[in-house]
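The structure appears right after this line, and notes come after that.
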Number of protein chains: 4
Amino acid sequence: MRPKILAFAGSARKESLNKLLVRAAAAGARAGGADVTLVDFLEFPMPLYDGDLESGSGIPAEAARFKALLVSHHGFLISSPEYNSSISPLLKNAFDWASRPAPGEKTLVAFRGKTAALLSASPGDLGGLRGLVTVRSILGNIGVFVLPDQMALPKAHEAFGIDGALKDEKLRARAEGIGRSLAEFTAKVVAT
Amino acid sequence: MRPKILAFAGSARKESLNKLLVRAAAAGARAGGADVTLVDFLEFPMPLYDGDLESGSGIPAEAARFKALLVSHHGFLISSPEYNSSISPLLKNAFDWASRPAPGEKTLVAFRGKTAALLSASPGDLGGLRGLVTVRSILGNIGVFVLPDQMALPKAHEAFGIDGALKDEKLRARAEGIGRSLAEFTAKVVAT
Amino acid sequence: MRPKILAFAGSARKESLNKLLVRAAAAGARAGGADVTLVDFLEFPMPLYDGDLESGSGIPAEAARFKALLVSHHGFLISSPEYNSSISPLLKNAFDWASRPAPGEKTLVAFRGKTAALLSASPGDLGGLRGLVTVRSILGNIGVFVLPDQMALPKAHEAFGIDGALKDEKLRARAEGIGRSLAEFTAKVVAT
Amino acid sequence: MRPKILAFAGSARKESLNKLLVRAAAAGARAGGADVTLVDFLEFPMPLYDGDLESGSGIPAEAARFKALLVSHHGFLISSPEYNSSISPLLKNAFDWASRPAPGEKTLVAFRGKTAALLSASPGDLGGLRGLVTVRSILGNIGVFVLPDQMALPKAHEAFGIDGALKDEKLRARAEGIGRSLAEFTAKVVAT
């Protein structure tokens, strides 16, 4: 069975460098045999997680739509910015909403047994590396097999051409390699 | 000079156990000689951090108000829930907005050189311990002196009486001790 | 191909609780279809890693023997104690020696693309949980696929019978389940 | 009272770049009013921590000497290499031996309430940054106030002159600044 990969950036910003980077990696996942769905958090505006909101009116519609996408895919390709050395609140918020069980549902159905690969892009010298430590740790703790290989792209504001593609061929191959590895890993582990 | 401590929970939930716990610790900080301002995130409803929003219309008013409170205090007393082994999006979001500089302002003026002490409350067996790892790491990385001593309260749903106070005297002393230690540490390090 | 699993504890202590726990998990790995080699660090006494020692006389014989075992197996089943909230120096030392390349050898040949599952045993209430955070992070950073599921056994000094087996059936099933999951995961990911 | 700072590198290597870096920082601590004792782990050769060794013959003499130095100082200035993204086994081993209580002694007497500042030097691009995450976390968990400011020196093999000093004046000022900050912080927090 072809693995189904959901790809997204951990930022809603229109000119997000992470949106460009995840697109590059998604091309590699497709080349590696996966069906890739690329989504944008602009289409999933969620309120901040709030237990009172949840017990009052349930999981908000946009969060439920995002969760359903996680549920229906085998693996996740994520490029996420680093804010203050850690995860973006947008990404953490989406994970937290998606981790909430509907009545009668299995715990962490959107995450357990799934796969993920991580990338980050940043104008700085570390490329957002430290944010991925948090993302990796969270996903592992909720049952996701996170690929050891990852990519942190430093000086990302200079890395993309006007066509939105990585200018440097080696960097493009590296981003695509992450996507391809995720496709192959997911085919072995989940989509069987 | 008396140290000024800002105390808050990392949850907006009305019956948040962390709001009860931070209140207990705040009493200790007052007994330790600090002026304590206790605030509730219900009063600071912020949108999710978004770079486009910021460049379009600046820091939202509620985020700016919260940031101004951080700026005008020497130390922070924080009790925060653990969601999916890490920080709550509400707290991360508040930190990220507060880390954004106004024009001409010093980097991380709300955080650098300040102090903090951490607590967490959870119905589970670990008391929210793992969430504090993320909170501690973030605060340290943005220049806050975080007290090594912390308190993670397990089975927190059974820990408080109807008056909102910790029923067990030893636990109450422990929470107050965290607050008192923060007051004393802040008096030495910042408020001089 | 049957997956080959190397199982060991991160302690050399004769009555190490982690040796008992890894043995329980190893039984599960065998039941899951793996060939399991159980080794004891008592048989691999290594000096502390020292760059001068390495450049003077190469990788010590015991370290080289341990590294060769890692190289010849597909996956690692590790039960490791927590010392001061982190990894044991014995285990970190073994990893560091094993990460040193022989002349002409591929980088991290003992680790890259391998699998691992983690357990810990401790007399305390957290079961050594915090030490596994470090172990997991290190292994992930050197290219090992670490199973998200892990087991931290609290009050471990009371958990084993005089036959060295876990007295509680549920705990035994849980330890065996970790081993079995590693066997199945390794069969899919590596041993193909 | 003048603060007493113990300075050391987390490597025993004769030409350790971290020994050079901690020396630069030590100069800053002295300029900041501290009495600094600079020691070298070559003088403290310890066996790997082993519970059987400890219960059989107690804390080894070299470990006890190192622990006594920690006990008799208020703060620690540490420059430590990164091995496989984490702490060196030599440093972890020294911490673990020093954390063992002598009969009748207070828990963690060598660490609780002390201060520390961290540096790292590495030939790589990240300067050993990731190793400091582990070191910082461990020290915080055993009661040490770790200064938020730290220094990770990339390309460290090109950074020092034949006199062993940092060639770049800005880097030297930065290393000295870490030492000076530790001196001042320790004067406020501990040595009063």
Within the stretch B:146-169, identify whether any single residue is within 13 Å of another protein chain (Cβ to nearest Cβ), surrounded by fewer than 22 Cβ atoms within 10 Å (Cβ to Cβ) and assigned to a loop (DSSP other than H, G, I, E, B), and answer yes or no. yes
Which ones in the stretch D:107-116 are of a type in the set (Gly, Ala, Ser) and either surrounded by fewer than 23 Cβ atoms within 10 Å (Cβ to Cβ) or away from chain C (no Cβ under 12 Å) (or both)? D:113, D:116
Return the residue satisfying two criteria in turn: it lies in the stretch D:117-139 and is under 24 Å from residue D:185 (Cα atoms) and away from chain C (no Cβ under 14 Å), and of such residues it is surrounded by the most Cβ atoms within 10 Å (Cβ to Cβ). D:117
Within the stretch C:1-18, how many residues are closer than 18 Å to residue C:95 by Cα and either out of contact with any helix residue (DSSP H, G or I) (no Cβ under 6 Å at 6 or more places or on another chain) or exposed (fewer than 15 other Cβ atoms within 10 Å of the Cβ) (or both)? 2
How about the stretch C:170-192: which of its residues are part of a loop (DSSP other than H, G, I, E, B) and crowded, with 19+ Cβ neighbours inside 10 Å? C:191
Residue identified as touching a residue at least 12 places away in the same chain (Cβ under 8 Å) and closer than 20 Å to residue A:142 by Cα among B:147, B:132: B:132
Being out of contact with any helix residue (DSSP H, G or I) (no Cβ under 8 Å at 6 or more places or on another chain) and either assigned to a loop (DSSP other than H, G, I, E, B) or of a type in the set (S, T, N, Q) (or both) is the filter here, so list the residues in the stretch B:129-145 that pass it. B:143, B:144
Does residue B:153 fit the bill of being farther than 26 Å from residue B:66 by Cα and within 18 Å of the chain's Cα centre (by Cα)? yes
Can you name every residue in the stretch A:148-165 that is of a type in the set (A, V, I, L, M) and over 18 Å from residue A:127 (Cα atoms)? A:162
Search result, residues across the stretch A:69-112 that are β-branched (Val, Ile, Thr), farther than 17 Å from residue A:16 by Cβ and touching a residue at least 24 places away in the same chain (Cβ under 8 Å): A:71, A:109
Among helices (runs of 4 or more DSSP H) entirely within the stretch C:1-102, at least 2 residues that are away from every other protein chain (no Cβ under 13 Å) and over 16 Å from the mean Cα position of the chain (by Cα) occur in C:61-71
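A short reminder: the numbers here are calculations on the coordinates, not readings from a lab. As the structure is a prediction and not an experimental result, all values here were calculated from the model. Using ideal geometry, Cβ is built from the backbone for each residue, glycine included, and neighbour counts are taken over all protein chains shown.
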